[in-house]
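Rule-based calculations on the coordinates, nothing more; no lab input. Just so it is clear, the model here is predicted, and its values are computed rather than measured. Cβ placement follows ideal geometry from the backbone for every residue including glycine, while neighbour counts extend to all protein chains displayed.
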Amino acid sequence: MTFQPSDVERYAKLARLALSEEEKARFARELSSVLEYVGQIQKVDTSGITEYETVVPLPPAWREDVVEPSLSVEEALANAPDRKDNFFKVPRVL
Amino acid sequence: MGELNRKKAWELLSLLDTKEISAVELTQSCLAEIDRSGKKLNSFITVLSDSALEKAREVDVKRSKGLPVGRLAGVPVAVKDILCTKGVRTTCGSRILQNFFPPYDATVIRKLKEADAVVIGKTNMDEFAMGSSTEHSAFGPTLNPIDPARVPGGSSGGSAAAVTAHQTILALGTDTGGSVRQPASLCGIAGFRPTYGAVSRYGLVAFASSLDQISPFAKDARDLWLISDVISGHDRRDSTSIPERLFDYPYSGFKGKAGLPKTTRFGIPKEFWGEGLAPEVREAVRGTIDKVSKAGYEVEEVSLPALSAGIAVYYIICTAEASSNLARYDGVKYGVRVNDYADLFEMYAKTRAAGFGAEVKRRIILGTYVLSAGYYDAYYLKAQKVRAVMKKEFAEVFKKVDFLLGPTTPSAAFKLGEKTDDPLEMYLNDIYTVPVNLVGVPAVSIPCGKNREGLPMGLQIIGPQKKDEIVLKAAIMLESLGIKL
């Protein structure tokens with residue numbers, strides 16, 4: 001697989017990332033060589049593996065569904081780039 | 001007492017306990033060194049002089065009144081700027097978080113404060129921990145204190161440089177693919193990556209969640225033990241946190257307990273000696289292995305064939321996880337938002353374009369690709385299966401040997417700019433460290449010599465999951481063989 005600038009543009013769009021033409025060309029070149037390298041995983045025999053497990057297997061971490069002390073609205077909104085009253089403010093969605 | 005900042009934490013704690021020195025003096029000696037060399041090395045993003053001295057005074061008062069103190073009382077600790085500190089700017093080395101002030105402390109920060117450690121500052125890093133040289137920081141590169149023309153390694157290069165330059169006694173970094181062991185090796189200090197889940201990740205800004213692990217730097221393995229004991233332990237705020245304690249007895253300088261049984265077996269993975277390993281590193285690590293053998297321990301060659309696919313597997317999994325984790329930087333809840341946009345999509349895309357550096361963008365695109373419809377099975381799923389094969393191979397080899405020994409990095413510290421034009425070349429610097437993260441085992445890097453130019457080289461000791469304590473014991477044993485710098 002070789003990455004073309006149009007491929008870079010496609011995946012960048014999925015990732016909500018605006019790129020310059022120069023970046024598209026550069027990333028296409030760099031990612032092509034990375035992809036060629038990572039392609040070697042196909043050579044490893046994984047026929048015995050049906051599914052993968054977590055790194056360190058643990059039982060699920062359940063907890064009671066109860067209200068506990070948490071951040072105040074002011075603290076939670078303190079880092080927001082834009083807000084109105086007790087809400088995050090964003091451009092029109094609909 | 002002169003040059004307090006050059007001493008180790010376990011030496012300093014006994015001087016503090018007997019009141020031969022004060023925490024304020026010790027903190028001042030570190031702050032003086034930061035004043036002297038901090039700007040030049042660019043090791044810190046934020047220095048916390050005032051709160052550090054305040055904490056040091058508080059500890060001195062406690063000791064003078066005979067009140068109980070924590071296990072790191074008065075010892076300066078620098079923390080990587082990826083760990084949330086309440087009310088203290090936490091940037092992750094990124095423009096997108098340049099104005100982010102967390103409303104809470106990470107669990108490790110809380111534990112350090114409870115242990116009465118002196119948090120001295122927030123250290124520089126590759127943006128979002130993506131890099132092996134600390135050149136990918138929005139706040140400029142950190143320089144290697146041993147040779148400022150060279151990189152300190154990364155991504156926790158600021159923490160490594162701060163310990164090496166005696167600007168702090170201990171430091172925390174994070175090790176997702178080697179980001180603590182590799183800089184420790186390149187700077188000539190000790191770095192320990194605990195078992196996955198040994199240290200809570202609550203309040204650690206996520207890069208690749210199945211690989212990320214908060215990990216300490218120190219001048220020797222005893223100090224690593226000391227701080228690991230403080231920061232590890234179960235945390236209900238991290239669902240991957242291990243319930244059991246991995247460090248059993250309170251720190252007592254390992255008195256009488258440092259020895260490893262002579263039946264201890266060290267395995268040398270033959271896959272670690274292939275192409276790309278610098279002859280000088282090969283020689284230094286071989287020399288150490290000979291000493292281990294001469295000291296009466298069993299040393300044998302072992303094989304883990306899937307190791308050679310480590311970097312390939314790692315760059316699929318870490319970019320996939322990163323592309324998902326970094327979706328949160330959308331200009332809505334925190335971080336920077338651009339001013340000029342026509343609609344919601346453009347706000348996201350332009351905000352992220354302006355906020356992220358090139359390496360982060362590359363990894364988001366690659367991660368989005370390997371997770372996308374049509375490529376998921378060939379890349380992400382296949383990589384997870386190879387990871388499972390690797391895990392099986394480690395489990396098998398640890399039935400035969402107690403530890404694995406090998407180089408930490410393929411070469412000594414490289415020059416600034418040497419690898420920034422070729423991402424793959426940069427990635428290959430982590431060839432010996434990433435398998436540890438993929439299988440979630442503990443590993444420590446300690447110095448094993450210097451090359452002709454005086455640059456340090458490191459070796460790593462890898463153990464089975466949850467054997468953190470004996471991995472550090474093995475490191476203490478190796479240090480006692482006189483192989484430290």
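Some points to look at:
- Remark: chain B carries a charge dipole of roughly 760 debye about the Cα centre, counting +1 on each Lys and Arg Cβ and -1 on each Asp and Glu Cβ.
- Axis of helix A:5-14 versus longest Cα principal axis of chain A: the two differ by about 20°, to the nearest ten degrees.
- For chain B, the residue among B:ILE109, B:LEU16, B:ASN339 whose Cα projects farthest onto the positive side of the dipole built from Cβ charges is B:LEU16.
- Cα-centre dipole for the protein assembly as shown with unit charges at Cβ (Lys and Arg positive, Asp and Glu negative), debye to 20: 680
- Residue among B:PRO76, B:LEU31, B:SER445 farthest towards the positive dipole end of chain B, charges placed on Cβ: B:PRO76
- Ranked by how many other beta carbons lie within 10 Å on average, peptides B:66-79, B:408-421 from highest: B:66-79, B:408-421
- Computed magnitude of the charge dipole of region A:5-67 (debye, nearest 20; Cβ of K, R +1, Cβ of D, E -1): 200
- Peptide-level mean, for B:363-376, of C-beta atoms on other protein chains within 10 Å: 5
- Over 20 Å between alpha carbons, listed pairs B:LYS86/B:LYS361; B:LYS55/B:LYS86; A:LYS13/B:LYS350; B:LYS86/B:LYS111; B:LYS62/B:LYS113; B:LYS122/B:LYS466: B:LYS86/B:LYS361; B:LYS122/B:LYS466
- With 24 Å as the limit, the listed pairs B:LYS7/B:LYS39; B:LYS40/B:LYS415; B:LYS80/B:LYS391; B:LYS8/B:LYS80; B:LYS333/B:LYS419 have B:LYS80/B:LYS391; B:LYS333/B:LYS419 beyond it between alpha carbons.
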